[in-house]
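Down below is the structure, laid out as structure tokens.
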Amino acid sequence: MHIPDGFLDAKTAALGAGLAVVGVGIALRSVRRAGSARRVPLIGLAAAFVFAAQMLNFPVAGGTSGHLIGAVLVAVLLGPSAAVLTLTTVLIVQCFMFADGGLTALGANIFNMAIVASGVGYATYALVRRAAGPSLRARLLATAFAAWVSTVVAAVACAGELALAGTVAWRIALPAMAGVHMLIGAGEAVITTLVVAGIARVRPELLEAAADAGGPLRAREAAAYGLLVAVGLVCFVAPFASGWPDGLERVAASLGFAHRTAAPVVSAPLPDYALPGLGRAAVSTIVAGTVGTLLAFGLAYVLARALTPARAAGRHPNPGGAPGA
Amino acid sequence: MNALEVRHLGYRYPDRSEALRDVSFAVAEGERVGLIGPNGAGKSTLLLHLNGLLPETPAAEPAVSVLGTPVAEPHLPAIRAQVGLLFQDPDDQLFCPTVWEDVAFGPQQLGLRGAELSGRVERALAQVGLAGFEERLPHHLSRGEKRRACLAGLLACEARLLALDEPTSDLDPRGRRELKALLGTLPVTQVIATHDLELVVEICPRVIVLDRGAVVAQGRTVEVLNDEPLMLAHGLERPHVLRHRHPH
Amino acid sequence: MHDGWLNPYRHRASLIHRLPAAVKLVAAAAGVLAAVLLPPGAWGACAGLAGGLLVAALLSAVPLRDLGRRLLLVEPFAIGVALLALFQPDGLRIFLALLAKSTLCLGCVILLNATTRLTDLLLALRRLRLPALLVTTVGLMHRYLFVLTAELVRLRRARRSRTLARGRRAAWRGAATVAAQLFIRSSERAERVYAAMCARGWPP
């Protein structure tokens, strides 16, 4: 999802850069607090890990294979702010050393893949965990679903940026990016969850260390990222979500076919229902999105069940420390 | 004043198992002492106490003192300049992008800048035989060169005591020879934790044997290492170089 | 060392190589910015930029074939996204403009990293007010990139030697286990690096 140079116009690139500066600033402030010197080598090594791990092949079909993206993996293991900085580090190196992602697009890429992916991913993870409990299975469920959600939302932000810049029309960008990333997100969910399960088998305390450390501070951080992501999405996506520029609708209206349903992106099960202010295509997109999300959640649940050894499924994780201490 | 004094040092791992038990010894300035013992004896753990990286929570009475100063707050920054700890894996210790930057890291933390800093770095690199390696990337160095670069980083801080964790492990014969020659000529106090018993015989007049966290023997190297029952009892053996020596 | 692909820097004693990193960074950024701000039909200006880039590449003494190969390696991503641009009014013109712009920009960045060491680039970025913490993490990532990829190769080899089942499921489980092991080793190494940094007086 690395946007190259030349695909974003000046205003979109500047907006992306501004959002990135704010988001990375939040992460830096949170990591610079006391006791945080220890995290610096961890972030550097985690960045090297993400880069190396992205080279692993997960064969899909024919000669193609999937790869790990890593935002949610790092967020689950190190926390949201460390994840933002880790992914930012990776993106900087990829941009300058490998020309992967443009120089002018670096801000937008950081916003999408470091801030949105980590922030939305961690928030989803935390919410699902709070709802589902402290067991390993709940954690894996939360990880899988969060990985999918974060991939898709990051893709939506990316689509919004491309559309705002006038590079790709919104009605192409959204289905192309979001659609493809729903599939990629499924792969990311499986891979991330498999890796987390693997770590839990060998070094469960690494999962504990990231969980729930610094409650109220974490909540404030999460709120800050949430706000920033919301602002970004509003800037990039909102101009297109309302007043849906559906060429076919306009044509149908002008030719007097307004009473027939125009061809939607996905055939909507509720063709006569339209939300106020949105066209029918928007409804069907929302339906498609909701169905996709529910499907993803269901698959995440199945995956978590499959990966949890039966005896560990309901067990509460051991608080670190000696037995009886 | 001794370069190093350890008095009744004990330490437990976070899971409460015992790592060190009542360890006591002293090292005079300029001495080279070998620290030997089987795997898991606690050699590395002991070395980590010499510059205050352990214990994690300070003890009421510090058991270790370096050049008369207890190894505890608020002396730790000064201690860490004086005690150069060579880690077992040079890749852990060479964390800067170039050799120059890595050797300069320590002196920079001490506040040196400009010509004074470059002078220190150059002298340290020359001392270990790596003059001209300033711009090299660490991962392009051989293991022996990496070890020497790590040593340069310690010497650049003008360390008075070197604590070396397995300095000759994983080195090819040439690397080992070069490092041994280097250590033998450095006029700095050294505590060398190692499995390389030949090295100990060749450059350490005195040796301490550690097993299961306790000192089981200390004394002149040739005497201790010739005591075959003692060596075998503690997972070691009498080195070949002593076997084939004539008794006088 | 088979890590040439991880390190794009090509050492030559050329005029370009000798320039300070900050100058090269600003020049590359200016080139990229100029290309991005070009209106879609300005082919003359495009050609001018391309000419300037070619001159710089020739001055740098880095083989053009080397640079060209790296350009071809990253082009496909740009082309892929650019194809989406075709589906709109005036799509072809936008598509061609996108390709021209992104190729020019890629050329600037590739020339930059072929002639400038990352460590020098980092110092320049630090002077341009990039936060110190990020400079440290980028430096650490660069340093341990090679260590971790070598470790990855060893872990993968070991895992493959012991994978007797065939098929996707075994491959996925194997790759995930390797990733998990690599993460555990990396976080343990991070602890040791932290100790090594503290042993030499960090943080100041």
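Just a few scattered comments:
- Neighbour-count order for A:ILE26, C:ILE184, fewest beta carbons within 10 angstrom listed first: C:ILE184, A:ILE26
- Overall dimensions of the protein assembly as shown by Cα: Rg and Dmax, Å: 29.8, 116
- Alpha carbon centroid spacing (whole Å) that separates segment B:129-189 from segment C:68-108: 50
- Note on segment A:8-26 and segment B:11-30: Cα centroid distance 53 Å, given to the nearest whole angstrom.
- The amide H of A:SER65, built 1.01 Å from its N in the peptide plane, has A:VAL60 as neighbours under 5 Å, considering only residues 5 or more places off or on other chains.
- Over segment B:126-194, the reciprocal of the mean inverse Cα-Cα separation, the Kirkwood hydrodynamic radius, stands at 12.4 Å.
- Cα gyration tensor category, rounded, prolate or oblate, for chain B with a/c compared to 1.5: oblate
- Among B:PRO239, B:VAL99, B:ALA156 - extreme Cα towards positive end, dipole of segment B:4-243, charges at beta-carbon: B:PRO239
- Tilt relative to chain C, helix C:64-84 - C-alpha long axis, 0 to 90 degrees, to 10: 80
- Rounded to the nearest 20, the size of the Cβ-charge dipole of the protein assembly as shown about its Cα centre is 1200 debye, with Lys and Arg at +1 and Asp and Glu at -1.
- Per-bin percent of Cα-Cα distances, segment B:34-121 [10 Å]: 15, 38, 34, 13, 1
- Taking a ≥ b ≥ c as the square roots of the eigenvalues of the Cα gyration tensor, segment C:4-124 is classed as prolate, since a/c reaches at least 1.5 and a/b is larger than b/c.
- The count of lysine pairs in the protein assembly as shown with alpha-carbon distances below 29 Å, taking only pairs 8 or more places apart or on different chains, stands at 6.
- Dipole of segment C:4-124, positive direction: furthest Cα of C:ILE110, C:GLY44, C:ALA97, with charges on the beta-carbon: C:ILE110
- Rg to Rh quotient for segment C:131-199, alpha carbon positions, Kirkwood Rh: 1.12
- Summing Cβ point charges (Lys, Arg +1; Asp, Glu -1) relative to the Cα centre of segment B:4-243 gives a dipole of roughly 300 debye.
- Note on C:146-157: average number of Cβ atoms from other chains within 10 Å of each residue's Cβ is 4.
- Cα centre as origin, Lys/Arg/Asp/Glu Cβ charges: segment A:10-243 dipole, Debye: 520
- Order of C:VAL62, A:VAL60 - criterion: other Cβ atoms within 10 Å of each residue's Cβ, fewest first: A:VAL60, C:VAL62
- Shape summary: segment A:5-61 maps onto an equivalent ellipsoid whose semi-axes, from the alpha-carbon gyration tensor, are 26, 26, 7 Å in decreasing order.
- Sum of side-chain charges, B:ALA181 neighbourhood, beta-carbon under 12 Å (Lys, Arg +1; Asp, Glu -1): +3
- Cα gyration tensor category, rounded, prolate or oblate, for chain C with a/c compared to 1.5: oblate
No value in this document is a laboratory result; all are computed from the given coordinates. Here the structure is a predicted model, which is why all the values come from computation and not from measurement. Here Cβ is always computed from backbone atoms with ideal geometry, including for glycine, and neighbour counts include all displayed protein chains.
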